[in-house]
Amino acid sequence: MSEKYRSFVVFRIKDLYCAFDCLDVQEIIRETKQVKSICRADEHIMGVINLRGEIVTVISLKQFFKLKEKVADSSIIVTKTSKEHLGYGVTEILDVVEIPIKAIESSPTVPDGLETQYIGGVFDWKNELVTVLESERLADLKEVTA
Amino acid sequence: MDEDDEILDLFLEESLEDLEGIETDLLEIEKNGADIDVEQVNKVFRAMHTIKGGSSFFGLTKVKDLTHVAESILDRVRKFQLVPTPEIVQSLLEAIDHLVNMINNPSDMDSYDISASLQKIEAVESGEAGPVAGADEEVLITNSKGELIFSVKQSDLKDSENEFKGGPNLYLLTYDLLNDIERKDKTPQEVIKELVQLCYIVESKVDYELVPDLENFEEMSLPFYILVSTVLESDMIFDFFDLEHGSISILNGDGSVVSEVRDDGTSGSNGNDISLDELGDLDAALAAASTELGSKSKEVKDPVAELLGEVTKDAQFVKSPGSQPLPKVVDKSTAKQEKKSSFKAKKPTASENVRVNVALLESLMSLAGELVLARNQLLQASEEERIADMKSASQQVNMVTSQLQEAIMKTRMQPIGSVFNKFNRIVRDLCNDLGKDVKVIIEGESVEMDKTIVESIGDPLTHIIRNSMDHGFETPEQRQSVGKDPKGTLVIRAYHEAGKVVIEILDDGRGVNIEKVSEKAFEAGIVTEHTLEKMSEKEIANLIFMPGFSTADEVTEISGRGVGMDVVLTNLKRLGGTVDLNSREGAGTQLKISLPLTLAIMPSLLVSVCDETFAVPQVNLLQIVRVPLNEIHSKVQHTGSNLVIRFMNELIQLVRAEDFLKEDVEPIDFSHKSFGFKNHLYVLVVAAGELKYGIVVDQTLDSPEIVVKPFGRHLKHLSIYAGATILGSGDIAPIFDLLGIATELNITQLDNVEQEEDEEKDIHAGELQKLLIVQNGNNERLAVPLNNIVRIERISSEDIGSVGSMTTYDYLGKSIALFRVDDVADITKIRNEGKCSVVVFETMGRHLGLLVNEVIDSVELVVDFDETTHKQTGILGSAFIDDHLVLLVDLFGIVAACKPEWVNKTGVHVQAHEQKHKILVIDDSSFFVNQISSFLDEAGYSSVQCMDGKEALTLLRSDPSVSLVLSDIEMPVMDGWQFIEELRADPVLKDLPVLALTSVAGESSREKGLALGFNEYLIKLDREEILQNLKHYLYDNATV
C-alpha cells in the first residue's frame, strides 16, 4: 500500500493549489500571529517563529508566485530539510490526501515561471489540478524570477 | 564491536591527554640538560609506557613501536645513561607529533609513515649515547636471509655473558614451531626447558606474521627466534640444539652474524646470492662502517672476513656515530614536511568529550533534584490554584534554574593552559628556525574560559606569537649590540579583569617600528598623509591590524604571507574580544586581548525601535545617554550628512536605528533645531572593536541574560544581526551585530574629531580623573573622587536617623555616620525634604556616608583643579566640568573636621616628639603636588616637590635627607616607570622607599609597578592609605 500511494498536504496559495509530500512536513501551525517579521529581510521572508526554542525562518509562498494582492496567510507548514526546519506561509490548508503514485503526472505547465526543478508533478484532487512542490529544492530558491 | 570502539576511543582520548602535558615536560627536560630531574623524566616515561601498553593491546603497532623507542630513550635518561641533548628532545618531540597525529586519525593509522621518525630516534639514541653512558648502541640482529629479527642493546648483550648459564658466545636459534617442534613430538615448553639448561635467553619472539593459511600448510613454517648467550662453542652447539641446518647463526659480540652452523658442525660463510644493485647500496654503508669496524671487532680475528660476512648479510652494520650524518639530513627534511602537514591536521572526534569534575556533577545532580521538587510544588499549587504557594514555588524554580545554569556553564569552563602550553614548543621551534633566543614565561594557565573560546583562540594567539617571534625579537647579536640581554623574554599571561579574561602577550623585542608602519600603511593606501600626521604613535602602531597590511619586507615562512593581523583581530572580535596594542620602540610590545568568559549566554539590553524589540549585547555597550528634547540642539551636532554627539571628550557618529533597519527612512532634517527628533533621545553608546558610535533608539527596556540562537540560512546574510534570542515571553528578538551595523552604514572614526581632541589635550595637560558629580541644594555641583566610593544609595529623608548630634543611616544592617559637605564648608545647604542620596565611602577603616541631594553623573576626564579660589575645609578645589562649576570634595577633610578624634585613633599622624621626615613628592600636576604636600604637612612631615622623574633624580642625588618618595606615574620628560628603574639601579638610592601614586588603578599596572620596584601602589587622594603607608615605611620599618 505504502508503495503505491503517497500522502500529501494539499493547500492553497490564493487560487493556486499546491501540495507538499507528508514525509517532508514536520508540522502545521494553524495561525500566523506568532510570526515575527525581521527588518531588512528579503521580501519573501515572512519572518521567524519560535518552534520550541528553535528559530525557524518562515517564507511566504505567495511571494514566490508574485501574488502581490493582499491575501493574508492563515497557516504555516513547517517542513524538514536536510539542514534545518523551514516554514512556509500559505493561504489555506485544505486536506491531507493519499494519491496513488500512478496518478501523479509530470507537470504539463509551469505555474508563473516557477522552474520545473521545484515541481514534483501534478495530480487531480476534487477536480482541481494540484502542483506538488519539492520543499527541499524550494528552500534553495531565493525568489521567483518572473 | 561497539564496545571495543568505545574502549578504543577512551584509550585514544586518554593518550591525547597524556601527550598534551608531555611537550612542556620535554622542553623542561631539555632546558635542564645534564641536570636531570628524574621525577620529570619518569612522568614522561610513564605516559609513554601507558600508551605503549594500551596500543599493543589494541594492535596499534605503529603507536607501539614509536612509544617503545621513545620509552627506551627515556629509560636511559632517567638512569643517567644519556644526556637529553636538544637533538634527542627534538626527535622525541617529533615522535610525539606523530603520535598525536596517529591518535587523532585512528582510521588512517595504518597508512601513516613513522619510519623516518623511528630511524631518527634510533639514530639519535645511538649517536648521542656518548656523554654519560659510553657506547650503548642498539644492535640489530638479522637471520640468515637478512631479515631483522631483534633489536638488542649492546649493553644487554654484554651483560648476558655474566648471566646464569650465559657465556661469550651468541647464537640466534630459529626453531620452526611446526616442523622442529610439533612434528618431533615436542612441546614448546620442553624446548624452552632444554634451552634454559644450556644457555641464557636474551630475547625471543615468534614470527606470527608467517602463520600459514590452511592451503599452504605443508610448505609454511612458523619460526620461533631465540637469541641465546652461552659458553658452548659453535662446534658443539648442533649436538645440543636439536635443529636443522641453517637454523643457528653465530653472532659477534656486536651482533653481526659471523656464520651459520651447518649440520656437519663446520662453520663458514653463507653463500647467498647478492645482486649488483644490492652491492651498490652497500658500498656507501660499507665506507661508513669500515672506519668503525677496526675498533669494533674485538672478537673477530680477521676484519676482512667480518666485513665480508656483513656484506653477505645485507650489511647489517651497527648504527654508529660514523654512519650518522647522511641519514640524519634526510630525516630532517622529511620530518619537516610532516610537521607542516601535522599543523593542518584537524581535531577529530576525541575532543568531543568534556571532562567534568565529579563534585560539580554531584552538584548538578542535586540541583536537578531540587528542580524536580520545585516543579512538583508548582504543578500541585497551580492545580489547586493556591496563588501564594505558586509564587513561592516559582521563586524556587527561578533560584534553582540560575544555580543550574551557573553549574552547567562551569562544566564548559576549561583552563586556558591547554592552549598556552603549546607555545613553549612553538617558540622553541621558531627560535631554532629563526636563529633567535627567546625564553617563554607563561602565567595564569589555570584561568578558565568557555570551551568554545579556548578552542578558537589557539590560532589567533599562535599567529600573534609567530609575528612577535619573526618581527618583534631581534637576533641575539642585535640584542647584544643595543645592550639588551641576548636572550629575549616573551611573557604570555592570562588573568581576570572586570568580568573578562585578559590575555597579555609581552615581548621585549624591538617594538613596532612606527616609521616603517606609517610608510607601509601609506603605501598600501590604508591612510592618507594628512591623517597620518595627526595620529598618535599608538594609533599608528594599531594600523598593523588593518586589512592588507604587512611590514615584512619579504615573505618568510613564519609570517608575512598576507594572512595579516587583521585576521587575528577579526577572529578575536568574533569571539567578542578586543585587542589593545602598546609598543615602545626598542623596548618591546604589549598586546592585550580581553575576551568574555563565555559566549553561549550573554547579558544584553533590550531596546525598542518602531515598536519592535531588539537585543544589544552588553559587552558592546558603553553607556546609555538620555538627551532631553530641549538639549538636542546643544548636544547633537552634524558634520556633513552625519550626526555627531560628544561622548567623553570624543565626537562620535550618531545613527538612528531606523537608518539600518528600514529601507525608506525620512532623511535627517538638518534645518530643524532638533534634527527632526520629536522626543527626547535614548542614545546607546556602543563600541565595536575600537570604533565607537551612538545609536538612537525609541526606548530602553529590560536587561536580561539571553541565549544566542542562530538565524536560518535565508537570514544569515543580514550582517546587522548576530542572531536572535527567545525572550521570557516566548517572543523573538533579533540581536544587533554592532560591527555589522558599522560596516553596513560605513561608520568610521571621525576625522575632524582628532583635531579638537588634540587641542583639548593641549589645554589639559593634567591627569585622567574618575569623579562622581553630585548636586547639593538646587544647582551647586560637587565632585567626589570615585576611588573612595563603595556604594551609592538612594534614600528618602525619613530613612535618616540620629544618635546624639550625629546623623546616621542604616547601611547593610549597620548604622553608619552621615556627613554633609555643608557641615564644614560654606556652601549651599542641602535640601532636607524628599529624596536624597547617600554616597557611601570608606576611610579610616570605616564605612561612612556623605549626604547629597542628587547624583548627576560619573565622569572620567582630564581636569585642572583650581586650588585657590574655592579652597576651604572640606573642599580641595574647583574646576569647570560640562560648563558647571564643580567643587572637589575632600572626604577626609570633612571627616577630620567633624570627628577629629577619629583621625588620631587611626594613628597615621606623627607624634610631635618624633623626628620630622622629609618626603619627596613627584607629580606634574601642581594641584596634586600641593594637595599631597599640604596633607603631609598636616600629618607632621616636611616635603619637597618635583615635577618629573628626571628632576627628582637630580634632587635625590644632591639631597640625602629625603627619607621617602611619593611618585606619580604619568609624567612628562621621565615617567614613573623609568624613574623607578633608574632609581633602583642607582647604588646609593636603590633602597629608598618609593610609593607610586596614581589615579589609574588596575591590577596589571599595579603588578608592573611592584615588579619594577615600587614599594606600594596607591591611589591618589586616598589620604588615609597614603599616611598609613608612610607610617609603615618610615617608622615600623625603621626598627627592622
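Some observations on this one:
- Beyond 24 Å in Cα-Cα separation lie the following of the pairs B:LYS422/B:LYS692; B:LYS871/B:LYS899; B:LYS990/B:LYS1031; A:LYS33/A:LYS62; B:LYS484/B:LYS990: B:LYS422/B:LYS692.
- Taking the centroid of alpha carbons for each part, region B:404-418 and region B:816-842 are 46 Å apart.
- The relative contact order of region B:356-412, computed from alpha carbon pairs under 8 Å that lie at least 6 residues apart in sequence, is 47 percent.
- Take each residue of peptide B:713-719, count the partner chain Cβ atoms within 10 Å of its Cβ, and average: the result is 6.
- Using a cutoff of 8 angstrom between alpha carbon atoms and counting only pairs six or more residues apart, the relative contact order for region B:416-596 works out to 23 percent.
- Simple label model, 7 Å out from Cα along Cβ direction - B:ARG984 to B:ASP437, nm: 2.3
- Of the residues B:MET413, B:MET565, the one with the fewest other Cβ atoms within 10 Å heads the list, and the complete ranking is B:MET413, B:MET565.
- Per-residue mean of C-beta atoms belonging to partner chains within 10 Å, peptide B:81-89: 0
- Look at the alpha carbon pairs under 8 Å that are at least 6 residues apart: their mean separation over the length of region B:764-902 gives a relative contact order of 30 percent.
- Cα gyration tensor category, rounded, prolate or oblate, for region B:356-412 with a/c compared to 1.5: prolate
- The distance from the alpha carbon centre of region B:843-873 to that of region B:505-532 is 42 Å, rounded to a whole number.
- Each Lys and Arg adds +1 at its Cβ and each Asp and Glu adds -1 at its Cβ; summed about the Cα centre, region B:417-462 shows a dipole of about 200 debye.
- Loop-resident trypsin sites (Lys or Arg not before Pro) (DSSP state other than H, G, I, E or B) in region B:647-697 with no more than 10 further Cβ atoms inside 10 Å of their Cβ: B:LYS678.
- Neighbour-count ranking [beta-carbon atoms within 10 angstrom, fewest first] of B:THR50, B:THR843, B:THR230: B:THR50, B:THR843, B:THR230
- When only alpha carbons are used to place a centre, region B:565-583 and region B:376-399 end up 47 Å from one another.
- Cross-link table B:LYS678/B:LYS716; B:LYS436/B:LYS592; A:LYS14/A:LYS126, entries beyond 26 Å C-alpha to C-alpha: B:LYS678/B:LYS716
- Each label was represented as a point 7 Å from its Cα along the Cα-to-Cβ direction; for B:ALA524 and A:CYS22 these points are 6.1 nm apart.
- Two-site label geometry, B:SER481 and A:SER82: point separation in nm, points 7 Å out along Cα→Cβ: 6.1
- Whether region A:5-138 is rounded, prolate or oblate, judged on the alpha carbon gyration tensor where a/c under 1.5 counts as rounded: prolate
- Amide H contacts of B:ILE149 (H built 1.01 Å from N, under 5 Å, at least 5 apart or other chain): B:ILE141, B:THR142, B:ASN143
- Residues of region B:694-738 falling in the label zone of B:ASN398, defined by backbone nitrogen less than 15 Å from a point 7 Å along Cα to beta-carbon, are B:703-705, B:728-729.
- Full-stretch length increase - B:SER961, B:THR452 - with 0.36 nm per residue and alpha-carbon distance subtracted: 177.4 nm
- Fewest neighbouring Cβ atoms within 10 Å first, the residues A:TRP125, B:TRP977 line up as A:TRP125, B:TRP977.
- Mean per-residue shielding of peptide B:729-740 is 2, counting Cβ atoms of other chains within 10 Å of each Cβ.
Where a number appears in this text, it was derived from the coordinates with a stated rule and is not lab data. From a predicted model like this one, the values you see are computed outputs, not experimental measurements. Don't worry about glycine lacking a Cβ; one is built from the backbone with ideal geometry, like all the others, and counts go over all protein chains shown.
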